[in-house]
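First the structure, in the form of structure tokens, and then the observations on it.
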Amino acid sequence: MIASMSFCEDGLLSVIVDFCFLPGATRTSSGAGGCDRAAQMSGGVVAASPGNDVPGPSNSRSDFLGMSPRENVIPPPPEHRMSKIECVHSTLQGLHEEWETRKKAVFDVDYTNPSLLCTSSSDPISCLELGGAGERRHLTVVLPWMQANVCCGFEYSLASLKAKLFENLKRMAVSNFSMKPTDYVFRVLRKSTGEMEELYNEEMLLSKIDFTKPYPMLSLFEPESFRHERDLAQVIGQALGYSLDELEAGFTDELKACRAALFKDTCDAVNNRGSEGYDHYAFPEAIAIDVVQPCPHSLIAKIKSANLTYQVFFRTLEDEKAGVDHGAAKAIVDFAPDLTPTSLVSKVVRDFKRSGHVKNEENDADYLLQPVGQKSFLTKCDQLLITYSDVRSAFENYRNPRFVLRRREIVLLDYPKPRPIHKPNYVRAEESRKASEEVKNSSTAASASNDSGEAPITLWDVDEYLSMRPLNCSNMDTSDMDSNISVEFSVYCGKTSLVHKASSKVPSHNPRWAEEMIPFDLYMKDLPLAAILTVHLVETKVRKGKSEDRVLGWANIRLLDWRGELLQGVLTLNLWGGEPQYPPHGRIGSNDHKQGSKCRLMIELARYRSRVKIPDSSQFAPFVKFIYSIEKPAKVRSDEFTIRRILDTIRKRLLGGTVSVEEELFVWSQRHYVCQNIPDALLVIAEAGETWKKREHFTELYVMLENWGRLTVGTALSILGKKCMDPIIRRFAVDQLDALLDTQTFPLFILPFIQALKCEAWSYSPLSCLLLKKALSDYRTGHKLFWLLRAELANLKDNDGHVTELYKRFALIIEAYLRGNDEHIRTVVKQVEMVDLLYELSILVKGYKGDKDAATERLREELRNHCPSLEKIDSPLDPSNALGQLRIDKCRVLGSAKMPLLLSWQNRSPLSEYHLPSYEIIFKNGDDLRQDMLVLQVLEVMDTIWKKNQLDCSLSPYPVLPMGTKYGMIGVVPNCSTIFEIQSEGGKVGTAVKSLETTFINRYIKSHAGSTKKYMECVDRFLMSCVGYSVATFIMGIMDRHNDNIMMTHDGKLFHIDFGHILGHGKTKLGIKRDRVPFVLTEHFLCVIGQGRPVSKDSHEVTKFKRLCCDAYMMLWEERDLFLSLFTVMQSMELPELSTEADLDHLKSTLRVAFHNGMTSEARSFFSEIFDEAFNGSWATKTNWARASQISPQTSYLAVAVATLLLSTLPTLSTVDFVYFADILCHITHESSGFDAMFPLFFGSEARN
């Protein structure tokens, strides 16, 4: 319906309303000067113009609308007798009044043509009876293809009206018109403005709409943007793996407000991010690292000794446009430490001009550098080339950095200026709702000024103590009618219980309480913002004269809601069953889906004269100033004893110890000193119970945060865990992280940030804003955030398949990100479709279990049929990897139990043959990859720390990405083999026997090196990678290390895979751990480190290796708080080996968290002893590898050797060592039952027990 206001030639004001008619419907229109024949509308109905006859039924618009004029004219209501529109011109004023007092048509159902079907049958009706409270009135709803007359109560929301209406209309579907209610928006002709207004807030009641009187009318129309909105919502639903329509159906008011707020943040990020040229948010600038010294002397010496240079390739314009690589010209530039991308471009452009490849009129600015085979670029004029991660890594690994010179104009075609962001209707609805609330609040404030007392007040205005009481409960899990029931209330802030009270006991057969409100010893002004009410329903039984208590149900709820308003009045709590969980780790919220318990409890909180909100931050500073005027703060002390005591308290907190009240008060007394000098003490203050018992304390802390010093990343992460729930402290921690982490380092911490999101009180938080801002400002960050969030969704459904509140929280962030990433959303959806297809194929090939070759043939057949869905796409593992055509002949099903798929693509980036001609990815279905992802993410953090301190450990942290419940992708490191496969080469002697031979790895490296110079480079790579993985596996407690999960590349880089056991949780036999050394350091490794020569503990090579290991350990020890914080936050992942505080004990031990910063020598000595232990235990690892080799029963060399060793050393062999060797012997001879027979044979029949 389209309405317009206009003056006709005869001066009368008419409202011309055009409707979309059904085929065959009669329509009258006014010609020039024909205003008297125009259909007029007043009060939402069609009426005749004054002074003219009403057209007959055959051609009247009134007839179409189901309305008929009557002879008797209803006198105008009092408010219409005089026009309220004051016109300056008296004639116009008279015309207005004439219009208001004209004859009006009357809505008469009796004369209405049937246009609907009855709800319960197919009989046509003229008016549809709907529900709704309040006064029942008639209402006309005009749709694009018909009109509907309904009768309903006017305390009915627009959403309910639309749902009920379409429920009836769906049986009358018309082609070319959507029957989805969400595709339409209500419009109304406002009486006050005379204009059509769109009603996006469908929570609005009919009684609140400014209808024209006396006949209310609404129209439903499909906005032009709806088709785009519908398509976009569908695509986002595909990316999520869950329909947005279904998700919206379960949104609470909090989630609706969060959704609108996230969209606003999206708009802000989109408006502030780069959108053109090299500043485009999706432009992949190569990663630069923050290093202490840009180019150390050791690296310069390595570059010179290997004669390393920069190599730059150039293609003709035609070849570059066509993507042709052969025939590219090459320029070689000598290394210089001060070269930048722009200076290198200048040099090679000058060289190519001399050779005639580049025209003289072309400028340096027309070109940029792209690493060969990679989707990234180097453009910064002030960034040294040597500080780029890929460049530095190439030099450290004796490789020449290679680039292709690209034309700027061609490259930037892939990064067009983004389209304006589309504003969805849910945002308009929220804006409408907020506007209505503001009008309501302003009117409330105005009435409050007249002593009505309805204006909101703050907690600081409530001069009372907290009070509440139980009312009744039902569906209790008890069959004892003689027991009694009571309710226990507690208020927590963090881990501190502020107050505790219990109600009176009532019989379980009549669980109703009639007592007065129970007062608590908690002054409302002192109520912390993060206060949580814990409610326990307790059953008491008396047996044999003794009283026994049992918790029937429990719940933890926040006393302040998402609006920052205090809960009041009656609350209905669906209680959780089982063992109660307490804050801060316990589940927050009611058991709304009634999982495991149907017990329901009603309680009543104190009611106040109006809404009670948290104090505004502007009130904090004046209050603290007032407190200081009464009591001066304690004198700041900075003596050595005070500082040591504060640091010891922080250490104690990090170690998981209980900080005493005395220690908390001491740190608090020194708050003005630690504020600037030991800012990490905020961790202790924020978790101290004493901080939150008085508003004088926590308000002063809020004010001090404005001048607080810079936190470390580890401390800020710890604050975002579950122990500190105060919103102001958490916001401060997020702001600190925003300042501490740049575009290069922020992605390293996305995984812990996502886990920290689970700890947030409400869906919308500063942390979610930060993640969204960073994701929309850098495409690679956004790509990683999307896939990590999506991986979490699979684990956020309850046992009944319902999506949890956390699921919706994460889904809203994904939706907001995708709405701000419109240009790449199709790429994301294609990646999702690829993952879904691979998942289906992984299930298909499992049907060929036992026949790997047949499974591979079927896989290749299916891949040929689905090539378009799997090719020419950015890798989900890393968007800088451009996947080209599938190499179907290289794809196969691997032989392990889970039958993973090995997939191979051509690399479609320029000159990929000089970098990585192909990409290989393993798709695995059946294993939980989250723990592997965690370990590899921490490895990346370690690698960053080492590189910052000039130590390149040649790590190979391959990407792992869980994509659902027990399935995901694993990146394949090219050109590598497991140690077991290296042992197996030659094949004449059993691999278990070869494990005792120490030179096979060294021979393998020599065979691939070719020359002595290349061999020495490989040995150096092996040495450095062995340093990195030795230290990393020790710190993280990575167990079950054997020759089938340690790999090596052809150029000598060692790396570990398969991190199924971490934090010291290794495999055991009779309670004895199989892993007998702190980290793997076998004689095979020492042989390579010694360049093929036998080495002793005091040899030069081992001394250097030990020094490097100690250096690497100390660099991580300096950041021990960061790693402890990382793993603490990661507990939210609920991994089997990382779910409790006890699981962190291994990390606290290996990192010597108890040592303070002045104990560097002690920390170094500790790891030196660990190294010696690993060195002396290399024999144990060697024999353990023999155990893992699993030779056939016919091959008995090793079995004889081990048995001989057992017999010869029996007099001095401990029980632990015997168990170890006997386990090896039984395993390699495939006689697991033989162990039970061997034990009593050697130690007696009673020893087995």
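The values are calculated or read from the model by the stated rules, or taken from the named source; none is laboratory data. Worth saying up front: this structure is predicted, and the values here are computed from it rather than measured. Using ideal geometry, Cβ is built from the backbone for each residue, glycine included, and neighbour counts are taken over all protein chains shown.
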Let me spell it out: the conditions are (1) farther than 17 Å from TYR465 by Cα; (2) assigned to a loop (DSSP other than H, G, I, E, B); (3) modelled with pLDDT of 95 or more, and ALA555 meets all of them except one. Which number is the exception?
(2)
Considering (1) touching a Cys at 6+ places or on another chain (Cβ under 7 Å); (2) under 30 Å from LEU818 (Cα atoms); (3) not polar (S, T, N, Q), say which one GLY884 fails and leave the rest.
(1)
Return yes or no: is PHE221 among the hydrophobic types (A, V, I, L, M, F, W, C) and over 29 Å from ARG819 (Cβ atoms)?
no
Every residue in region 1089-1101 that is farther than 23 Å from ILE1038 by Cα and part of a helix (DSSP H, G or I), please.
HIS1100, GLU1101
Within region 884-893, is there a residue that is more than 26 Å from TYR415 (Cα to Cα), surrounded by 17 or more Cβ atoms within 10 Å (Cβ to Cβ) and not aliphatic (A, V, I, L, M)?
yes
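So in region 722-769, with the set limited to residues that are among the acidic types (Asp, Glu), farther than 20 Å from PHE810 by Cβ and not in a helix (DSSP H, G or I), which one is modelled with the lowest pLDDT?
ASP742
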Conditions first: (1) modelled with pLDDT under 95; (2) farther than 30 Å from ASP943 by Cα. PHE314 passes all but one, so which condition is the exception?
(1)
Where the second residue is aromatic (Phe, Trp, Tyr) and not in a loop (DSSP other than H, G, I, E, B) and the first is touching a residue at least 12 places away in the same chain (Cβ under 8 Å) and lies in region 1136-1147, which pairs have Cβ atoms under 9 Å and are six or more apart or on separate chains?
LEU1138/PHE1127; ASP1143/PHE1127; LEU1144/PHE1127; LEU1147/PHE1123; LEU1147/PHE1127
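Please determine whether any residue of region 505-517 is touching a residue at least 24 places away in the same chain (Cβ under 8 Å) and either in contact with a Phe, Trp or Tyr (Cβ under 8 Å, 6 or more places away or on another chain) or closer than 23 Å to PRO727 by Cβ (or both).
no
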Within region 997-1023, tally of residues that are modelled with pLDDT under 90 and either surrounded by 16 or more Cβ atoms within 10 Å (Cβ to Cβ) or part of a helix (DSSP H, G or I) (or both)
1
Any chance you could count how many residues in region 125-140 are of a type outside the set (Lys, Arg) and within 11 Å of GLU155 (Cβ to Cβ)?
5
Filter region 838-867 down to the residues that are out of contact with any Leu (no Cβ under 7 Å at 6 or more places or on another chain), assigned to a helix (DSSP H, G or I) and in contact (Cβ under 8 Å) with a residue 24 or more places away in the chain and list them by number.
TYR839, ILE843, LYS846, LYS852, ALA855, THR856, ARG860, ARG864
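So in region 597-618, with the set limited to residues that are in contact (Cβ under 8 Å) with a residue 60 or more places away in the chain and loosely packed, with under 15 Cβ neighbours inside 10 Å, which one is farthest from LEU573 (Cα to Cα)?
SER617
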So is GLY327 in contact with a Phe, Trp or Tyr (Cβ under 9 Å, 6 or more places away or on another chain) and at positive phi or not?
no
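Matching residues to (1) closer than 30 Å to ARG433 by Cβ; (2) among the small types (Gly, Ala, Ser); (3) touching a strand residue (DSSP E or B) at 6+ places or on another chain (Cβ under 6 Å); (4) at pLDDT below 85:
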residue: LEU116; (1), (2), (3), (4): no, no, yes, yes
residue: ASP123; (1), (2), (3), (4): no, no, no, yes
residue: ARG137; (1), (2), (3), (4): yes, no, yes, no
residue: PHE166; (1), (2), (3), (4): yes, no, no, no
Note on TYR215: of the conditions (1) touching a strand residue (DSSP E or B) at 6+ places or on another chain (Cβ under 9 Å); (2) more than 21 Å from PHE186 (Cα to Cα), unmet is (2)
Mind checking whether some residue in region 895-905 is touching a Pro at 6+ places or on another chain (Cβ under 6 Å) and touching a residue at least 24 places away in the same chain (Cβ under 8 Å)?
no
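To keep it simple, each residue is scored yes or no on (1) of a type outside the set (Gly, Ala, Ser); (2) at pLDDT below 95; (3) under 16 Å from GLY820 (Cβ atoms); (4) part of a loop (DSSP other than H, G, I, E, B).
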| position | (1), (2), (3), (4) |
| --- | --- |
| GLU246 | yes, yes, no, no |
| ASN271 | yes, yes, yes, no |
| GLY274 | no, yes, yes, yes |
| CYS295 | yes, yes, no, yes |
Of everything in region 154-166, what is touching a residue at least 24 places away in the same chain (Cβ under 8 Å) and either farther than 18 Å from ALA429 by Cα or of a type in the set (D, E, K, R) (or both)? Give them in sequence order.
PHE154, GLU155, LYS162, LYS164, LEU165
For region 1038-1058, indicate whether the set of residues that are out of contact with any Lys or Arg (no Cβ under 8 Å at 6 or more places or on another chain) and small (Gly, Ala, Ser) is non-empty.
no
THR827: surrounded by fewer than 18 Cβ atoms within 10 Å (Cβ to Cβ) and either of a type in the set (Ser, Thr, Tyr) or within 12 Å of the chain's Cα centre (by Cα) (or both), yes or no?
yes
Do we have any residue at all in region 779-800 that's surrounded by 19 or more Cβ atoms within 10 Å (Cβ to Cβ) and among the small types (Gly, Ala, Ser)?
yes
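Taking only region 878-898 into account, find how many residues are part of a loop (DSSP other than H, G, I, E, B) and at pLDDT below 95.
Result for region 878-898: 9.
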May I ask you to list the residues in region 202-232 that are assigned to a helix (DSSP H, G or I) and more than 15 Å from THR140 (Cβ to Cβ)?
SER207, LYS208, GLU224, SER225, PHE226, ARG227, HIS228, GLU229, ARG230, ASP231, LEU232
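Can you find a residue that is within 30 Å of PRO1136 (Cβ to Cβ), outside any loop (DSSP other than H, G, I, E, B), outside the structural domain of PRO747 (by TED's automatic domain parsing) and of a type in the set (Asp, Glu) anywhere in region 906-920? Show your work before the answer.
Restricting attention to region 906-920, the residues satisfying the condition of being within 30 Å of PRO1136 (Cβ to Cβ) are 920.
Filter once more, so that each one left must be outside any loop (DSSP other than H, G, I, E, B): 920.
Now restrict to residues that are outside the structural domain of PRO747 (by TED's automatic domain parsing): 920.
This time we only want the ones that are of a type in the set (Asp, Glu), so: 920.
Yes, region 906-920 has at least one match.
Conditions tested, residue by residue: (1) touching a Gly at 6+ places or on another chain (Cβ under 8 Å); (2) not hydrophobic (A, V, I, L, M, F, W, C).
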position	(1), (2)
ILE588	no, no
ARG609	yes, yes
ASP616	no, yes
LYS632	no, yes
